[in-house]
Each structure stands twice: as structure tokens, then as C-alpha cells.
1. Of all residues in the stretch 194-216, how many are crowded, with 22+ Cβ neighbours inside 10 Å and in a helix (DSSP H, G or I)?
2. Mind listing whichever residues of the stretch 103-135 are touching a Phe, Trp or Tyr at 6+ places or on another chain (Cβ under 9 Å) and not β-branched (Val, Ile, Thr)?
3. When you look at LEU114, is it touching a helix residue (DSSP H, G or I) at 6+ places or on another chain (Cβ under 7 Å) and not in a helix (DSSP H, G or I), yes or no?
4. For the stretch 222-249, how many residues are of a type outside the set (Lys, Arg), modelled with pLDDT under 90 and part of a loop (DSSP other than H, G, I, E, B)?
5. Show me the helices (runs of 4 or more DSSP H) entirely contained within the stretch 1-102 in which 2 or more residues are of a type in the set (Val, Ile, Thr) and touching a Phe, Trp or Tyr at 6+ places or on another chain (Cβ under 8 Å).
6. Conditions: (1) part of a helix (DSSP H, G or I); (2) out of contact with any helix residue (DSSP H, G or I) (no Cβ under 7 Å at 6 or more places or on another chain); (3) within 23 Å of ALA163 (Cβ to Cβ). LEU124 meets all but one. Number of the miss?
7. All but one of (1) in contact (Cβ under 8 Å) with a residue 60 or more places away in the chain; (2) aliphatic (A, V, I, L, M); (3) in a loop (DSSP other than H, G, I, E, B); (4) exposed (fewer than 13 other Cβ atoms within 10 Å of the Cβ) hold for VAL138; which doesn't?
8. If you scan the stretch 146-193, which residues turn out to be among the basic types (Lys, Arg) and surrounded by 15 or more Cβ atoms within 10 Å (Cβ to Cβ)?
Amino acid sequence: MNTLRIPARWVTLGVLVIACVYFLVPVWWLLVSSTKTNSDLFSGNGFWFGHFSLVANLRQVFTQQGGIYSQWLANSALYAVGGAAVSTLISSLGGYALAKYPFRGRELTFNVVLAAVLVPQPLLAIPLYLMFSKVHLVNTYWAVLLPSMVSPFGVYLARIYAAASVPDELLEAGRIDGAGEVRIFGTIALKVMAPALVTIFLFQFVSIWTNYLLPVLMLADDHLQPVTVGIVGWQSQRGIGPSAVPFNIVVTAAMVSAIPLVVLFLSLQRFWRTGLTAGSVK
């Protein structure tokens, strides 16, 4: 039996190593390329350092086109933090209600949420644009913020976590002590559901920060666009006209835009792992 386990273990290890290399090689290339000049980027080894010019690249990124890159980062932060925070709150309310309050149509409502999870988000971009154009919200911050405040997957995850981790006895004890439903939710349920809420916030933040299709449809003003749309715009200008952006600046801008995601993952990974495994054992 031991002789059979050794090959399986090595196969598993080999698959994990291949997956690790697959995901880390592009990150390494991005990090190395952001330190090169534009000429070095197209000569020599693409996966090793050349003439170190990271500081100069960063300076040019934040001064290009009047420093609009800082505005793009601020816009992305507004969309991602604001949308993820409100989405997390709505998801916690909806998930808690679906898990702990029996009412007519509860299972139907939950099935609708599950169906919404299966709908690819890009399919909703055009209908959202048509709806928002009717109420004159296109080319405003709300055109990106409002869709970002709703997450069917967040409601689903909150419902599963609340059902598995929030004891009914604890809620009944709060009611016996005279606490209202709002107070019970705020002081008991939210604290118990904290790992799941952090996970929902993280998923939604990443989804909003990396979203491209919705903001590129909704926003025509450069000063309203997030960093994803801005970087693609710079890339499309490479080598065209006097406002052309060097490719090493585009690469450095992409590297900078990934830093908030890395920081968020590293700072919240403990809660993230807890949230993912919650409900697996009851």
C-alpha cells in the first residue's frame, strides 16, 4: 500500500509545482519588465533584469497625461471599496434572512439567487447600459457603483455560512434577553459571520477592481474610468501619434495596479481560508 501512495504523492506534487509555475511566471515577468527601459524590454532575456529603471518608470507613470493614472487608481478604489462594502452588507442581510427566517417562498428565492450565480456577468453589461441610459446614469460614477453593490454569490455564501455557523439557540437567547432582531443581527450574527463577510468582500473587491467590460461601456470620460480601462487605453496608443505611451510605462502601470490586490490577499488570507472552509464540517 505504501508503494502505491508514493507515486500518487509525487504526481500530486508535480501537478502543484506545474500550477505554481504557470501562475507565477507571468507575475515574475511583469515584475522584471517593470524595471526595464523600453529598449531593454525588447532585447535580452525577458525573465531577467536589465538596466534598472523602475524609479524612472514609476515617475513617468504618475506624470503621464497630467498624472491621470492617480485619478484612475482613485476611481478603482472608489468602485472596489464602495461596491464591495455595500455588496457585503446586502449579502449578509440577504443570506442571514434566507438562513434564519422561515417565510413563504424562501426556497424559491434562494433558487433564484443560485440561478443568478450561474449567469455570466458580461451578459448583463448591455442590458445594464440600456437601463442606465434611460435614467441618465451613463458616464457617471453610479453606472459602475450600482451594479457592483449586488453579488448573488455573496448572498449564496452568506446563506450557507449563516445556516452552518450561527446557532439558533444563540439567537433565541438574545430574544429572551429582550434584544430586537436588528440588534441580534448586528451584535451576534455579524460577529459570527465575520469570516464569510471578509471572503465576500475579498471576492467582490477583486471582481470590481479587475472588471473591464462594464466600465468601458458605461464611462466615456477619462477622469471617471478605473485603472483597467485606462491601462488598455494606454496600450492602444502605443506607437501612435505624439501622445503615444511607451510599452515599458504600460507594463509598469499594470504592475502598480496589481499591488492593491496582492496586499489585500496577504492581509486577509487568514479570514479568506476560514471563510472558504466554513460549513464543510457541522
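The values are calculated or read from the model by the stated rules, or taken from the named source; none is laboratory data. Bear in mind the structure is a predicted one, so any value in this text is a computation, not a measurement. Neighbour counts run over all protein chains shown; Cβ positions are idealised from the backbone, glycine included.
1. 11
2. Correct list: PHE110, LEU114, ALA116, PHE132.
3. no
4. The number of residues fulfilling the criteria is 9.
5. Here the list reads 2-33.
6. Here LEU124 meets the rest and fails (3).
7. VAL138 satisfies every listed condition except (4).
8. ARG159, the sole residue that qualifies.
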